[in-house]
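Here is the structure we will look at, set down as structure tokens.
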Number of protein chains: 2
Amino acid sequence: MLHLIIADSELELVPEKIRDHPSVVNYAKRRGKKPDEVLLDSTYHHSALRLLEDGERRGRPDIVHLCLLNALESILNKEGKLRVYVHTRNNEIIYIKPETRLPRNYNRFVGLMESLFKKKAVPEDLELLKMEEGTLSELLEEIGPDGVFIMHENGTPVTPKKFGERLVGYNSPAVIVGGFPHGDFLSVVEGEKISIYKEPLMAWTIVNEVLVNYEASLLW
Amino acid sequence: MLHLIIADSELELVPEKIRDHPSVVNYAKRRGKKPDEVLLDSTYHHSALRLLEDGERRGRPDIVHLCLLNALESILNKEGKLRVYVHTRNNEIIYIKPETRLPRNYNRFVGLMESLFKKKAVPEDLELLKMEEGTLSELLEEIGPDGVFIMHENGTPVTPKKFGERLVGYNSPAVIVGGFPHGDFLSVVEGEKISIYKEPLMAWTIVNEVLVNYEASLLW
């Protein structure tokens, strides 16, 4: 079983500091919601983001959406060999049941995440998605993996294929992929840093490379 | 060089027949556009789609978006070994330059496609994306691949890994993936039908499996 963690994801409700910014107020009104109920989104809150610390990387639900759609629809997940978690910059953890069929439409996904921030579980009966407070270290402690790998530009260079082969040597490895557009992890975690390519890659590209190469070694 | 074709994609402007449907009129007004300028989108035009032939599969720009984001950000593309084309149900072909950085945000992608349907090239000077009329057969004739593979539920069963290895035996193979949610290809094309999994897979999952396994055999 591979444990995939999208860590330090730039997924959050609009922070208090910019809730009265025109770009936020108008966006919320247009969507029939209150400013404290909507996700921060760099596409729509660009000018307000400048007022926030780390503003140039925040408000990226799209990255989480892409990583999850690729992971949940992967062959590895269909074979029951994958668990996916989203950890956020504010130390929330989203647990996702493997059978979850996420909305393909981005706007519906955003609505779902907003509902999750409010209710902490959606749908409330099935709890396909569940949100709890927790740090990346706490999540790892809970999972108890026999190997922790952090996908990192400055990690040990390994080809994606060799990395997939290496992962198969573990019983339940955890692979950590940054859920942010650029820069470094905010969380500090012990593990082996791995670089699968000479240039930075998008988070969802790393997810694809890791899952498909692991699957190729494990199953075929 | 691998030629990836997302074929019979459910990407089109709202057809004339339903341009006066309330769901379309309101959607266009909300976006400050005319009904004949907006993409058909099953998320928003669900009730109108029932009035169209094949309505249950049409209006899926999200599938094209996901396939393209995965393909263009893949290691294979960064290595200069990939060309991507989108062929639509109405026999248009979109040529995409490998260096294109597509909008990550779905709504921006939709706006870009609407602009492409109108202007036939975006941006008009660089022509990163260019749209021309053409069938799938005409596209294949133009590419001149030395192997044509159609990813199909009822194809010859091959593991994704073995398929990647097979592709490397060709100089410039074409791989055709259906850009629709379910059902069969509309276009008739000669080629070897390949099935990489026992169950149907999402179009973007097939894209990931093909590109990563080909890359693993070709590069590492």
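The residues listed here are A:V158, A:V189, A:V148; of these, the one that is at pLDDT below 95 and in contact with a helix residue (DSSP H, G or I) (Cβ under 9 Å, 6 or more places away or on another chain) is A:V189.
Restricting to segment A:195-220, and then to whatever is charged (D, E, K, R) and open to solvent by 40 Å² or more (accessible area, probe 1.4 Å), can you tell me which residue is farthest from the other protein chains (Cβ to nearest Cβ)? Taking the candidates together, the pick is A:K198.
Applying the criterion of being of a type in the set (K, R) and in a loop (DSSP other than H, G, I, E, B) to the residues of segment A:78-99, the residue that is surrounded by the most Cβ atoms within 10 Å (Cβ to Cβ) is A:R89.
Restricting attention to segment A:6-25, the residues that are open to solvent by 30 Å² or more (accessible area, probe 1.4 Å) and under 21 Å from the mean Cα position of the chain (by Cα) add up to 1. Out of segment A:100-126, which residues are open to solvent by less than 60 Å² (accessible area, probe 1.4 Å), closer than 23 Å to B:L69 by Cα and in contact (Cβ under 8 Å) with a residue 24 or more places away in the chain? Across segment A:100-126, the qualifying residues are A:T100, A:L102, A:R104, A:Y106, A:F109, A:V110, A:M113.
Residue-wise test of (1) among the hydroxyl-bearing types (S, T, Y); (2) over 29 Å from B:C67 (Cα atoms); (3) touching a Phe, Trp or Tyr at 6+ places or on another chain (Cβ under 7 Å).
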site: A:L11; (1), (2), (3): no, no, no
site: A:V14; (1), (2), (3): no, yes, no
site: A:K17; (1), (2), (3): no, yes, no
site: A:D36; (1), (2), (3): no, yes, no
site: A:S47; (1), (2), (3): yes, yes, no
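Only a single criterion out of (1) under 17 Å from the mean Cα position of the chain (by Cα); (2) away from chain B (no Cβ under 12 Å) is not satisfied by A:D41, namely (2).
For residues in segment A:169-194 being within 20 Å of A:R58 (Cβ to Cβ) and free of Cβ contacts under 8 Å to residues at least 60 places away in the same chain, which is most open to solvent (accessible area, probe 1.4 Å)?
Kept after step one, since they are within 20 Å of A:R58 (Cβ to Cβ), are these residues of segment A:169-194: A:176-188.
So of that shortlist, the ones also free of Cβ contacts under 8 Å to residues at least 60 places away in the same chain come out as A:184, A:188.
Values: A:D184: 77, A:V188: 129 Å².
Checked segment A:169-194; the qualifying residue most open to solvent (accessible area, probe 1.4 Å) is A:V188.
In the set (1) open to solvent by less than 50 Å² (accessible area, probe 1.4 Å); (2) more than 9 Å from chain B (Cβ to nearest Cβ), the condition left unmet by A:R166 is number (1). Tallying residues that are within 21 Å of B:C67 (Cα to Cα) and either within 10 Å of chain A (Cβ to nearest Cβ) or among the polar types (S, T, N, Q) (or both) within segment B:169-194 yields 3.
Only one entry in B:L112, B:L102, B:L68 is closer than 20 Å to B:V177 by Cβ and in a helix (DSSP H, G or I), namely B:L68. Is it true that some residue in segment A:55-69 is in contact with a Ser or Thr (Cβ under 6 Å, 6 or more places away or on another chain), assigned by TED's automatic domain parsing to the domain that holds A:G134, surrounded by fewer than 19 Cβ atoms within 10 Å (Cβ to Cβ) and modelled with pLDDT of 95 or more? Checked against the condition, which is being in contact with a Ser or Thr (Cβ under 6 Å, 6 or more places away or on another chain), assigned by TED's automatic domain parsing to the domain that holds A:G134, surrounded by fewer than 19 Cβ atoms within 10 Å (Cβ to Cβ) and modelled with pLDDT of 95 or more, segment A:55-69 yields no hits at all.
Just a yes or no: is a residue in segment B:153-162 in contact (Cβ under 8 Å) with a residue 40 or more places away in the chain, more than 14 Å from chain A (Cβ to nearest Cβ) and either in contact with a Phe, Trp or Tyr (Cβ under 7 Å, 6 or more places away or on another chain) or crowded, with 18+ Cβ neighbours inside 10 Å (or both)? No, segment B:153-162 contains no residue that is in contact (Cβ under 8 Å) with a residue 40 or more places away in the chain, more than 14 Å from chain A (Cβ to nearest Cβ) and either in contact with a Phe, Trp or Tyr (Cβ under 7 Å, 6 or more places away or on another chain) or crowded, with 18+ Cβ neighbours inside 10 Å (or both). Within segment B:26-54, restricting attention to residues that are within 18 Å of B:K119 (Cβ to Cβ) and in contact (Cβ under 8 Å) with a residue 60 or more places away in the chain, the residue that is most open to solvent (accessible area, probe 1.4 Å) is B:K33.
The values are calculated or read from the model by the stated rules, or taken from the named source; none is laboratory data. Treat the numbers as computed from the prediction; the structure is a model and nothing was measured. Here Cβ is always computed from backbone atoms with ideal geometry, including for glycine, and neighbour counts include all displayed protein chains. Ligands, DNA and RNA are stripped out before the accessible areas are found, and what is left, the full protein with its side chains, is counted by its heavy atoms. Shrake-Rupley method; radii C 1.70, N 1.55, O 1.52, S 1.80 Å.
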